[in-house]
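Here the structure is laid out as structure tokens; the discussion comes afterwards.
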Amino acid sequence: MAQGIYTFPEGFLWGTATAAHHVEGNMSNSWSHWENMETGKVFENHKHGRAVEWWAGRWQEDFDRMQYLGQNTHRLSVEWSRIQPGPDRIDEDAIRQYQDMLDGLHKRGIEPMVTLHHFTNPMWLEDEGGWLENSVVERFARWTEIAVDAFGDRINLWCTFNEPMVYAVQAYLVGMFYPGSNNPWKMYKCAELLLRAHAASYDVIKSKYPGALVGVAKHMLELNPLSPAVINGPPIRLVRSIFNNAFNKAMITGELDFPLRKKVVIPDLAGKYDYAGLNFYQRYNGGFNLTSPGTYFLKQVPEPDAPYSPPMWGEIFPQGLYKQIMQMWKLFRKPIYITETGTPDQGDEVRRWYIARAVHSTWRAINENIPVRGIYYWTLLDNFEWTAGYNPEFRFGLYATNFETQERTLRQSGALYREFALVNGLSSDMVEQYTPQLMEKLFPGEPGQQEVPL
């Protein structure tokens, strides 16, 4: 096996990503309302509660942890319901706290990427009809204006929406997020309004800070039909069209074209993105299953040698990141940020393997002159995870969290990620130490020290 290092470009961004609802604690928004309804959608009816106490001040010690890990960027969300608790109210104290947090990142040499919508809405917005009422576009533009006026001088990287199709599907098709609808037409309407709101938000940001970079964090799935393709191909193509492709193509063309729905033209949308944000986690080898109406008659079968993953999560498949990067580049032709990637792993063996393979997949794309600017691992430390709650099978953190004591413990995967960031590369020594089973895969060939150039 060869010895060497895959070197990343100077200025490459190494970071982690978080969501306000997961880390801040004591929220009052659509998601906390969902938890309190005890719908059975959230694992064992968990409540986010204290979360990891960022709003109570623990953000400072965790920002120190980011700095220790060598991070030069972090993606976080600012919570709409905290800053605008009513349609005509602004909480200046909340603004000041977020300003302190953003200043705390800059003080540590960490560039923030700020997300304006990460699945949560103020309840007053939900009471108005949420993402099914046309007025939400104007509401979101106003929210953007408030955030940009408060934080724009501290932020160069903006993300309007996190995983918009995940939100549309979960809230309005499969009913796992508030308000819990099961209606494909509502999902389509939600997606349309998210696109309209993105265009309006983009205009607000660029009008005030023309040099800012604005995009969307789009979750992409690798979807492959099981054999026979004649039966399993059509449902997989349908899912791919709805979940992966329609939203992305609309961002480029300004036309939203969902199956079984009349094409919708969205004025002033086409081309309103400065980068492509890519969230990638898993692969689904799937197809038609007549006995599973609860999953819309779809089934999923992981490869037999795939690492264990929790039920319904899909196949853990970091090597698929390369393909997704290449597809995003072919579509958008703009710089790419890996705005999320990671894996649930109660232990730490799979996570180390995942991170090494994901980083190598990213390097492969960069080595083909694809402008990938940074990678944000999900997530810094174990926290609340939407419908998984505090389920121990859904631990993503580079730091383990004891939710009783709030103690954080660095995992070996965190130590590995730190080495990537400090060296700005992936070396054979790192792989040999942290995940030796990958040596032959990532560093094949004869022994002998060599640098693998870009």
Contacts under 7 angstrom Cβ, first residue in the range 344-367 being closer than 21 Å to G389 by Cβ, partner modelled with pLDDT under 95 and hydrophobic (A, V, I, L, M, F, W, C), 6 or more apart: P344/W313
Per-region count, the range 309-340, residues under 23 Å from Q170 (Cα atoms) and free of Cβ contacts under 8 Å to residues at least 24 places away in the same chain: 2
Subset of the range 292-306 (residues that are part of a loop (DSSP other than H, G, I, E, B), under 23 Å from the mean Cα position of the chain (by Cα) and over 16 Å from R357 (Cα atoms)): P302
Pick from the range 133-144, criterion in a helix (DSSP H, G or I) and more than 23 Å from the chain's Cα centre (by Cα), ranking: farthest from E192 (Cα to Cα): R142
Qualifying position, being in contact with a strand residue (DSSP E or B) (Cβ under 7 Å, 6 or more places away or on another chain) and of a type in the set (F, W, Y), among F161, F177, F140: F161
Any hit, the range 402-417, residues being in contact with a Ser or Thr (Cβ under 6 Å, 6 or more places away or on another chain) and among the hydrophobic types (A, V, I, L, M, F, W, C): no
Criterion violated by F258 - all others in (1) modelled with pLDDT of 95 or more; (2) over 15 Å from E192 (Cβ atoms); (3) outside any helix (DSSP H, G or I) satisfied: (2)
Of the criteria (1) surrounded by 15 or more Cβ atoms within 10 Å (Cβ to Cβ); (2) more than 30 Å from S32 (Cβ to Cβ), which one Y377 fails: (2)
Subset of the range 354-368 [within 14 Å of F443 (Cα to Cα) and more than 17 Å from the chain's Cα centre (by Cα)]: A356, R357, H360, S361, W363, R364
Any hit, the range 273-281, residues being modelled with pLDDT of 95 or more, of a type outside the set (S, T, Y) and farther than 25 Å from Y354 by Cα: yes
W313 vs. criteria at pLDDT below 95, surrounded by 15 or more Cβ atoms within 10 Å (Cβ to Cβ), within 30 Å of Y434 (Cβ to Cβ) and of a type in the set (F, W, Y): yes
Helices (runs of 4 or more DSSP H) wholly inside the range 1-99 that include at least 1 residues being over 24 Å from G175 (Cα atoms): 59-68, 80-83
Residue count, the range 100-132 (criterion: touching a Gly at 6+ places or on another chain (Cβ under 8 Å) and either part of a helix (DSSP H, G or I) or of a type in the set (A, V, I, L, M) (or both)): 3
Cβ-Cβ under 7 Å pairs, at least 6 apart or on other chains, the range 46-58 side under 20 Å from D100 (Cα atoms), far side β-branched (V, I, T): A51/V23; V52/V23; V52/T401; W54/V23; R58/V52
Qualifying residue in the range 443-450 (condition: touching a residue at least 12 places away in the same chain (Cβ under 8 Å) and touching a Leu at 6+ places or on another chain (Cβ under 9 Å)): no
Candidate set: the range 422-454, residues that are part of a strand (DSSP E or B) and modelled with pLDDT of 95 or more; chosen: the one farthest from W353 (Cα to Cα): G425
Test for G254: is it among the small types (G, A, S) and over 23 Å from the mean Cα position of the chain (by Cα): yes
Residue in the range 215-235 that is more than 18 Å from the chain's Cα centre (by Cα), over 25 Å from L321 (Cβ atoms), of a type in the set (A, V, I, L, M) and at pLDDT 95 or above present: no
Tally of residues being under 19 Å from F43 (Cα atoms) and surrounded by fewer than 20 Cβ atoms within 10 Å (Cβ to Cβ) across the range 341-374: 1
Matching entry among T115, T144, T160, T120 (being free of Cβ contacts under 8 Å to residues at least 60 places away in the same chain and either in contact with a Ser or Thr (Cβ under 6 Å, 6 or more places away or on another chain) or of a type in the set (F, W, Y) (or both)): T160
A306 vs. criteria free of Cβ contacts under 8 Å to residues at least 60 places away in the same chain, farther than 23 Å from M113 by Cα and surrounded by fewer than 21 Cβ atoms within 10 Å (Cβ to Cβ): yes
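Results for (1) touching a Lys or Arg at 6+ places or on another chain (Cβ under 7 Å); (2) more than 30 Å from R418 (Cβ to Cβ); (3) among the acidic types (D, E); (4) buried (at least 20 other Cβ atoms within 10 Å of the Cβ), shown as yes or no for each residue.
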{"site": "A2", "(1), (2), (3), (4)": "no, no, no, no"}
{"site": "Y6", "(1), (2), (3), (4)": "no, no, no, yes"}
{"site": "K47", "(1), (2), (3), (4)": "no, yes, no, no"}
{"site": "G57", "(1), (2), (3), (4)": "no, no, no, no"}
{"site": "G104", "(1), (2), (3), (4)": "no, no, no, no"}
{"site": "K107", "(1), (2), (3), (4)": "no, no, no, no"}
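The values are calculated or read from the model by the stated rules, or taken from the named source; none is laboratory data. Note that the structure is predicted; figures quoted are calculated from it, not measured. Note that we place each Cβ from the backbone using ideal geometry, even for glycine, and neighbour counts take in every protein chain shown.
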